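In what follows, a single structure is set out as structure tokens and then discussed.
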RNA sequence: UCCCCGAUAGCUCAAUGGUAGAGCGAGCGGCUGUUAACCGCUAGGUUCCAGGUUCGAGUCCUGGUCGGGGAGCCA
């Protein structure tokens with residue numbers, strides 16, 4: 001009786017096992033020896049390596065359709081019945097001696113098959129995103145992405161966090177994180193207009209303007225202030241015209257929120273979280289990580305082990321500015337207390353000065369969001385007022401996490417809202433959390449794709465998400 | 001959005017303003033328990049698009065489209 005096994009299972013089975021595997025041809029090689037041999041590498045995506053299938057054209061195990069098997073090319077789908085045997089040749093420990101190879105789907109023109117068995121650039125493969133997952137690299141990326149997704153839920157579940165499904169469509173355009181995509185069912189060519197000539201969104205689907213969310217944070221805070229420990233993990237949309245290797249207009253974000261927690265507790269959670277992801281990747285996807293280490297970024301595993309074993313460096317923003325001023329480096333943009341650090345400054349700190357992840361804390365209030373908790377005057381001997389915000393910087397990627405302790409004092413929150421030129425009325429339900437049993441709480445946001453880049457060594461964010469969306473890029 | 005670079009065979013890239021080339025991939029044959037295989041032969045082109053300069057444009061000029069790197073915004 002043949003057992004249909006995943007290729008990953010077949011590699012672990014005993015020689016002599018009779019089995020069936022089903023998958024796609026990666027490579028074929030032919031030999032005239034022993035009455036005709038055909039070596040077919042078959043992958044079903046369950047592990048990094050394809051398994052080698054031996055088809056014979058003569059002798060005892062001759063296949064009736066050997067001629068068809070000889071004409072298999074990369075991309076064909078097959079079902080193989082056979083026996084797992086120890087391989088007599090180098091290159092693989094085991095292989096499958098085939099009794100039958102059923103050709104399920106052929107490739108209609110091998111000459112133009114987009115992901116033929118050769119090296120392709122990532123730029124090219126982006127144009128064939130529906131097929132690129134059949135390659136070594138994108139198969140590994142897909143498996144690791146799944147592995148990390150599961151590890152994220154597991155991390156929070158084990159710590160008593162509840163997974164909250166925050167909305168994708170939002171009626172508030174006050175989430176405060178940049179340009180938003182409009183959601184509307186109005187006739188764009190001929191929208192209803194009010195007496196003032198402006199578009200009347202009162203007639204739109206929700207009776208008001210609505211957009212895709214840019215953050216689940218404000219919503220998740222409501223559940224934090226009832227369930228204590230919560231997190232979201234979902235898609236996020238930013239309509240910024242960002243054309244970089246680190247930005248997407250649709251990306252996935254993990255946002256935990258913890259009640260009765262301050263900024264230091266928040267930073268400990270962030271550090272534990274990143275380390276858990278590294279551990280999960282290394283222990284559960286060793287095959288894929290080995291590939292990333294050898295072919296994508298030399299020294300990746302060593303770099304991640306170092307991060308895993310070293311405590312993150314915590315550093316007040318004010319001290320970071322002092323370090324940068326004393327560094328002797330000439331930066332394109334000058335360092336000045338009260339302004340945001342530039343990419344070059346962050347890179348210097350995490351890649352050159354400390355050579356490890358750095359958590360910068362307590363930023364000047366004028367460069368951070370209204371909901372971040374105002375620190376006492378004199379915190380860190382800063383020359384101005386600061387808020388309890390943190391950014392986690394990692395080598396190669398830069399900012400991977402942004403978080404803060406939230407302002408739980410209603411009067412302070414209100415004055416900050418007004419100070420930023422916002423209207424407290426727009427935040428009525430957010431303010432209610434401070435009116436009814438307010439508590440100190442804190443949280444952060446981690447860009448999932450940036451974590452993927454950090455863990456794989458992939459250099460373009462469009463290559464760590466199955467179907468990237470970016471300005472002028474919405475194919476597939 | 002700003003700065004820089006690029007677009008030629010299925011893919012990666014050559015080609016002084018003067019007949020369009022190679023490697024890989026593909027097809028056929030040879031050799032081999034093969035595995036980045038190797039050897040031979042063959043096929044494969046609207047040189048991104050629209051204008052312009054020129055006797056002549058892949059090459060020079062203008063505009064556009066798309067892609068890459070960097071910056072800003074951020075996760």
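For region A:305-322, give me each residue that is surrounded by fewer than 18 Cβ atoms within 10 Å (Cβ to Cβ) and over 28 Å from residue A:455 (Cα atoms).
Hits for region A:305-322 are A:319, A:322.
Matching residues to (1) in contact (Cβ under 8 Å) with a residue 40 or more places away in the chain; (2) within 22 Å of residue A:216 (Cα to Cα):
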{"site": "A:364", "(1), (2)": "yes, no"}
{"site": "A:367", "(1), (2)": "no, yes"}
{"site": "A:377", "(1), (2)": "no, no"}
{"site": "A:380", "(1), (2)": "yes, no"}
{"site": "A:384", "(1), (2)": "yes, no"}
{"site": "A:390", "(1), (2)": "yes, yes"}
{"site": "A:401", "(1), (2)": "yes, yes"}
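If you go through region A:247-261 one residue at a time, how many are near RNA strand B (Cβ under 6 Å from one of its atoms) and surrounded by fewer than 17 Cβ atoms within 10 Å (Cβ to Cβ)? Can you show your working first?
Kept after step one, since they are near RNA strand B (Cβ under 6 Å from one of its atoms), are these residues of region A:247-261: A:247-248, A:251, A:253.
From what's left, surrounded by fewer than 17 Cβ atoms within 10 Å (Cβ to Cβ): none.
Number satisfying all stated conditions: 0.
It is to be established whether one or more residues within region A:6-15 are free of Cβ contacts under 8 Å to residues at least 24 places away in the same chain, more than 16 Å from RNA strand B (Cβ to nearest atom), assigned to a helix (DSSP H, G or I) and surrounded by fewer than 19 Cβ atoms within 10 Å (Cβ to Cβ).
yes
Between A:302, A:352, A:325, which is within 16 Å of RNA strand B (Cβ to nearest atom), part of a helix (DSSP H, G or I) and surrounded by fewer than 15 Cβ atoms within 10 Å (Cβ to Cβ)?
The match here is A:352.
Can you tell me which residues in region A:78-110 are more than 20 Å from residue A:16 (Cβ to Cβ), within 7 Å of RNA strand B (Cβ to nearest atom) and within 34 Å of the chain's Cα centre (by Cα)?
Listed by number, the residues that qualify are A:91, A:110.
Yes/no matrix, rows are residues, columns are (1) in a helix (DSSP H, G or I); (2) modelled with pLDDT under 95:
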site	(1), (2)
A:179	no, yes
A:215	no, yes
A:218	yes, yes
A:232	no, no
A:243	no, yes
A:246	no, yes
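Does region A:107-121 hold any residues that are in contact (Cβ under 8 Å) with a residue 24 or more places away in the chain and in contact with a helix residue (DSSP H, G or I) (Cβ under 9 Å, 6 or more places away or on another chain), and which are they?
A:113, A:115, A:116
Looking at (1) surrounded by fewer than 19 Cβ atoms within 10 Å (Cβ to Cβ); (2) touching a residue at least 24 places away in the same chain (Cβ under 8 Å), which one does residue A:372 not meet, given that it meets all the others?
Residue A:372 satisfies every listed condition except (1).
Are any of the residues in region A:105-113 surrounded by fewer than 17 Cβ atoms within 10 Å (Cβ to Cβ), out of contact with any strand residue (DSSP E or B) (no Cβ under 9 Å at 6 or more places or on another chain) and under 27 Å from residue A:14 (Cα atoms)?
Within region A:105-113 (the criterion being surrounded by fewer than 17 Cβ atoms within 10 Å (Cβ to Cβ), out of contact with any strand residue (DSSP E or B) (no Cβ under 9 Å at 6 or more places or on another chain) and under 27 Å from residue A:14 (Cα atoms)), the answer is no, since none of the residues qualifies.
Is it the case, given these coordinates, that residue A:458 is assigned to a helix (DSSP H, G or I), touching a residue at least 40 places away in the same chain (Cβ under 8 Å), out of contact with any strand residue (DSSP E or B) (no Cβ under 6 Å at 6 or more places or on another chain) and within 14 Å of RNA strand B (Cβ to nearest atom)? Let's see the steps before the verdict.
Working: assigned to a helix (DSSP H, G or I): no; touching a residue at least 40 places away in the same chain (Cβ under 8 Å): yes; out of contact with any strand residue (DSSP E or B) (no Cβ under 6 Å at 6 or more places or on another chain): yes; within 14 Å of RNA strand B (Cβ to nearest atom): yes.
No, not satisfied.
Which one is farthest from RNA strand B (Cβ to nearest atom), of the residues in region A:328-338 that are over 21 Å from residue A:397 (Cα atoms) and surrounded by 13 or more Cβ atoms within 10 Å (Cβ to Cβ)?
Across region A:328-338, the extreme among qualifying residues is A:337.
I'm trying to understand the selection: among the residues of region A:26-47, which are part of a loop (DSSP other than H, G, I, E, B) and within 10 Å of RNA strand B (Cβ to nearest atom)?
A:32, A:36
Across region A:418-454, which residue is farthest from residue A:224 (Cα to Cα) among those that are within 14 Å of RNA strand B (Cβ to nearest atom) and out of contact with any strand residue (DSSP E or B) (no Cβ under 8 Å at 6 or more places or on another chain)?
It comes out as A:453.
Assuming residue A:153 fulfils every condition listed in (1) out of contact with any helix residue (DSSP H, G or I) (no Cβ under 9 Å at 6 or more places or on another chain); (2) part of a loop (DSSP other than H, G, I, E, B); (3) surrounded by 14 or more Cβ atoms within 10 Å (Cβ to Cβ) apart from one, which condition is it?
The number of the failed condition is (2).
Would you pick out the residues in region A:62-77 that are within 11 Å of RNA strand B (Cβ to nearest atom) and surrounded by 18 or more Cβ atoms within 10 Å (Cβ to Cβ)?
A:72, A:74, A:75, A:76
From the residues in region A:160-177 that are more than 20 Å from the chain's Cα centre (by Cα), surrounded by fewer than 19 Cβ atoms within 10 Å (Cβ to Cβ) and modelled with pLDDT of 90 or more, which one is farthest from residue A:258 (Cα to Cα)?
Selected residue: A:169.
Could you check residue A:440 against (1) at pLDDT 95 or above; (2) touching a helix residue (DSSP H, G or I) at 6+ places or on another chain (Cβ under 9 Å); (3) surrounded by 15 or more Cβ atoms within 10 Å (Cβ to Cβ) and say which number it fails?
Looking at each condition in turn, residue A:440 falls short on (2).
The values are calculated or read from the model by the stated rules, or taken from the named source; none is laboratory data. Note that the structure is a prediction, hence the values are computed from the model and not measured. All Cβ positions, glycine included, derive from the backbone under ideal geometry; neighbour counts span all protein chains shown.
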